[in-house]
Amino acid sequence: MMKTSKRVTLTLAMSVVMLASACKKKVVIPPPPPPPQQQTQTPAPPPTGAQRAVISEFAVEPSTIERGQSATLRWNITGAGAVAINTGIGTVPAAGTRRVVPAETTTYTITASGPGGDVTASATVTVTAPVPPPAQMRPAPTATFESLVESELHDALFDYDSNNISDSARTVLTANAEALKKIFADFPRATIIVEGHCDERGSAEYNLGLGDRRSTAARDFIAQLGIPADRLKTVSYGKERPACNEASEGCYQKNRRAHFSAGQ
Amino acid sequence: MTRKQTLLLVAFAALGTGLLPGQDITIWINGASGKPALAVVDFRGAGSQQFMTAFNSTLFSDLDGSGLFDLKAKSMFPLNNPQRPEDLQVSDNNQGFALADWAGTPVNASHLVFGYTAAQNGALVLYGNVYDTRQTNVQSAELMAQRYAGSMDQAGAIHIAHEFANDIIQKFGGTGSLLGSRIYFVSSRGAAKNNSEIWVMDWDGNNQKPLTQLKSSSIMPAVSPDGSRVAFTSFALGQPRIMIYDTTTLRAVPFYNQEASLNAQASFSGDGKQIYYSSTAAGGLSQIYAAAINGRDFRRISHRDAIEVEPKVNPKNPAQLLFVSGPGGQQIYQMNSDGVGVQKVTNGEGEAGNPAWHPDGQHIAFSWTRGYSKGDWNIFVMDAGSKQFVQLTHSEGKNENPVWAPDGRHIVFASTRSGTSQIYTMLADGTQVKQLTSQGVNKSPVWGVR
């Protein structure tokens, strides 16, 4: 029962982590939606006596680029004496294409001059910032490993002056072993420290020996469940590092523990 | 006689005074004919008066703290007192210049301690005298007349007061000496969370300073018999390891640690050439080992199915080893140093730990929860032969880690009576309790000759 829910939690946690790390890799700033294609033809002026030029096409493809990429202007004009595009392109043939590399969002305007006057059309290239290079890859996402160790591995508790693995400690250690298999799959070089602790009542000296028994008993138990023993280091802190400082049985029980922490 | 003192019908036989088993500790401390009754005058200074408050309080405190004397109340003293032997008169009508003025009521002193200090050639010179007030002849009344020199400052005044007091104590049969002795202990002062360093202070609590700077957890110190080495348990490399420091250079000296999850709680043999410690080198339970002073030539001593810690070898008999072990609640055991002849020292009541040999090799001080709840430790003293014991503290906080002073009359220990663990000294009859530390958490004291 506990095992299942634990696994679900872990899977959930893992997918959140993977999602988070996927996000971190790309850091996409979603580009603004492209503006409506500016292919507006100036409305036909009222007919005059003279023939006006006709801009049958002025477009840019693609209309959105990242900075550093190019776009192509394409135009087709009839009936014009001279055709020019602004932004320094200058005079162009009546029909043609031109590769442009604008550094920022730019509106190109083409002007066709004919005997009946000038006709213009515009097209805009939206320039977006390029995606930044991926963040420097850390050799191992330590914080993530540590947070997994902290959230997924729980203290196995002991009776006073005992290093026997009780039924409840057995349940906790079995779940820890399952969690560790997943954690080690993602962090193949990581190690775990199994700390042995005691409550404050025995002498500090005796408790150092007792804490050593608790850490090795917990280590041996999960090693026997298939966790490689060389990934598990033990240390006894005796009563030097209590988790809880009140003089009450509730607190004593919290301190009589095998605690799992991230190794170096 | 108080109940506590009556209980002390312990065989304090060999405590330097040649008493027989069954005698009262008060007699042991007093000397067989009762305590000498000292009248200690306030010394004055010629050109050094500004240091005399420190001098007089140090002299009085040392003499009082020795437990050897009945110090007479200064309010009963005559108006005058001699400063030099030549000031003494045969009779002067209770003006204070005659020894008889001090022998009779209301002072009732058996001995008069008098003298003065003077600034002399840039040094602070003490002329110290002890005279037997019951002698009618001034010449035969002289017990001590000595000169001491110190630096011309308060530290110098305190130093010569310590020296003079120490000589008086020795004169009256005190064994060993506190002079120059220092107490090593564990302190959290200025350390990051969970860290501690080994500290050292003079035996009176002055000059507290760190010995180690490992920025780690350093605990459970022991000091070599000559005071030149301090061994302790360090977490600097992760798992507990034994380190040894030179107390003069404040540097680590090599010690070979066996491959083990735990090497801890080193203590020294009486000749300073062997280290006893607890190790899991054989795999499994921590057991008792002995090794040369550099950790080499190690050998396993115990082979028991129990956690075994805190080995303490008898300073007078290297074949006798005390240690702490279970199962079924920690108790003090003894065995021969070849590992055979294991027997319980404490009787199985409560939990017991922290055995510490008296310099005589016949008595131990230790911590015991006997008569109290688990974790409520008190200091006890036991005759190692008869196993008779007496309780020195009575649940004023937790009282742990008693260790004898080089004089065999004082005990240093840690107590939580002020709220946090601090270092205290007391006489071996439980009186004269003095608090030496107050900053941070301070614990696990040991007393070295220097």
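The numbers here are math on the coordinates, done by the rules we state, and not lab data. Just so we're clear, the structure is a prediction, and the values are computed from it rather than from any experiment. Positions of Cβ are generated from backbone atoms using ideal geometry, with glycine treated the same way; all protein chains shown enter the neighbour counts.
Would you please give the FRET efficiency between B:LYS209 and A:THR109, computed as 1/(1 + (r/R0)^6) with r the Cβ-Cβ distance and R0 = 60 Å, to the nearest 0.05?
Computed FRET efficiency for B:LYS209 and A:THR109 comes out at 0.15.
Take the alpha carbon atoms of the stretch B:246-290, find their center, do the same for the stretch B:147-189, and report the distance between the two centers in whole angstrom.
A separation of 32 Å, based on Cα centres.
So, in Å, what gap is there between the alpha-carbon centers of the stretch A:140-207 and the stretch B:411-436?
38 Å
Compute the helix-to-body angle for B:154-171: its Cα long axis versus the longest principal axis of chain B, expressed 0 to 90° and rounded to tens.
Its long axis makes an angle of about 90 degrees.
Most exposed first by the Cβ proxy, i.e. fewest other Cβ within 10 Å, how do B:LEU427, B:LEU262, A:LEU225 rank? Spell out each step's value before the answer.
Details: B:LEU427 20, B:LEU262 31, A:LEU225 13.
In order of increasing Cβ crowding within 10 Å: A:LEU225, B:LEU427, B:LEU262.
May I ask you to list the aspartates and glutamates whose Cα is less than 16 Å away from that of B:LYS316, ignoring any residue fewer than eight positions away on the same chain?
Those aspartates and glutamates meeting the cut-off are B:ASP226, B:ASP271, B:ASP360, B:ASP383, B:ASP407.
In terms of Cα to Cα distance under 13 Å, which aspartates and glutamates are near enough to B:LYS215, apart from those fewer than 8 places away along the same chain?
Leaving aside aspartates and glutamates fewer than 8 places away in the same chain, those within reach of B:LYS215 are B:GLU197.
If you take the beta carbon distance between A:ALA243 and B:LYS273 as r and set R0 to 30 Å, what does 1/(1 + (r/R0)^6) give as a FRET efficiency, to the nearest 0.05? Mind dumping the intermediate values first?
Working: r = 41 Å, r/R0 = 1.38.
Once the sixth-power term is evaluated, E becomes 0.15.
Suppose the Debye formula is applied to equal point scatterers at every Cα of the protein assembly as shown; what is log10 I(q)/I(0) at q = 0.06, 0.08 Å⁻¹?
-0.53, -0.74
Over the stretch B:182-448, consider all pairs of different Cα atoms and compute the Kirkwood hydrodynamic radius from their mean reciprocal separation; express it in Å, one decimal.
Values: mean 1/r = 0.0547 Å⁻¹.
When all Cα pairs of the stretch B:182-448 are included, the Kirkwood radius is 18.3 Å.
If you count, for each residue, the other Cβ atoms within 10 Å and average over each peptide, how do B:227-235, B:142-150, B:128-136 line up from highest to lowest?
Top to bottom by mean Cβ count within 10 Å: B:227-235, B:128-136, B:142-150.
With viscosity set to 1.567 mPa s and temperature to 4 °C, compute the Stokes-Einstein D of the stretch B:117-254, Rh being the Kirkwood radius across alpha carbon pairs; µm²/s, no decimals.
Values: Rh = 18.0 Å.
Taking Rh from Cα pairs, D becomes 72 µm²/s.
Let's see if you can work this out: charge +1 on each Lys and Arg Cβ, -1 on each Asp and Glu Cβ, no other charges. What is the dipole magnitude of chain B about its Cα centre, in debye to the nearest 20? Mind dumping the intermediate values first?
On the way: 35 positive and 35 negative charges, 218 e Å.
Roughly 1040 debye, rounded to the nearest 20.
Which percent, nearest 5, of DSSP beta bridges in the stretch B:32-171 are antiparallel?
Restricted to the stretch B:32-171, the bridges split so that about 70 percent are antiparallel.
With a Förster radius of 45 Å, plug the Cβ-Cβ distance of B:ALA73 and B:GLU259 into 1/(1 + (r/R0)^6) and report the FRET value to the nearest 0.05.
So, using R0 = 45 Å, E works out to roughly 0.10.
Considering amide H positions built from the backbone, and no H for Pro or chain starts, which residues 5 or more places from B:ARG229, or on another chain, come under 5 Å of its amide H?
Those lying under 5 Å, H to H, from B:ARG229 are B:SER224, B:THR247.
Counting only residues 5 or more places away or on other chains, whose amide H sits under 5 Å from the amide H of B:PHE43 once H atoms are built in the peptide plane?
Answer set, sorted by chain and number: none.
Pulled fully out, how much extra length does the chain show between B:TYR372 and B:ASP153, if you take 0.36 nm times their separation in residues and subtract their Cα-Cα distance?
Result for the pair: 74.0 nm of gain on full extension.
Do any trypsin sites (Lys or Arg not before Pro) in the stretch B:384-415 lie in a loop, going by DSSP, with at most 16 other beta-carbon atoms within 10 Å of their beta carbon, and if so which?
Those satisfying the criteria are B:LYS387.
Using the 10 angstrom Cβ neighbour count as an exposure proxy, how do B:TRP357, B:TRP102, B:TRP377 rank, fewest first? Can you show the working numbers first?
On the way: B:TRP357 23, B:TRP102 29, B:TRP377 32.
Taking fewest neighbouring Cβ atoms as first place, the list is B:TRP357, B:TRP102, B:TRP377.
Whole-Hz Karplus ³J(HN,Hα) for the stretch B:199-206, in order, using 6.51 cos²θ - 1.76 cosθ + 1.60 and θ = phi - 60°, x for Gly and Pro?
Ordered by residue, 3J(HN,Hα) equals 10, 9, 8, 4, 5, 8, x, 7 Hz.
Report, ordered by chain and residue number, the aspartates and glutamates lying within cross-link reach of B:LYS74, taken as a straight Cα distance under 17 Å and ignoring same-chain residues fewer than 8 apart.
B:ASP42, B:ASP62, B:ASP64, B:ASP101
Would you mind checking which residues have amide H under 5 Å from A:THR124's amide H? H placed 1.01 Å from N; only 5 or more apart, or other chain.
Close amide H contacts, sequence-distant or interchain: A:GLN38, A:TYR108.
Just to be sure I follow the rule: in the stretch A:136-262, considering lysines 8 or more places apart or on different chains, how many pairs have Cα atoms under 24 Å apart?
4
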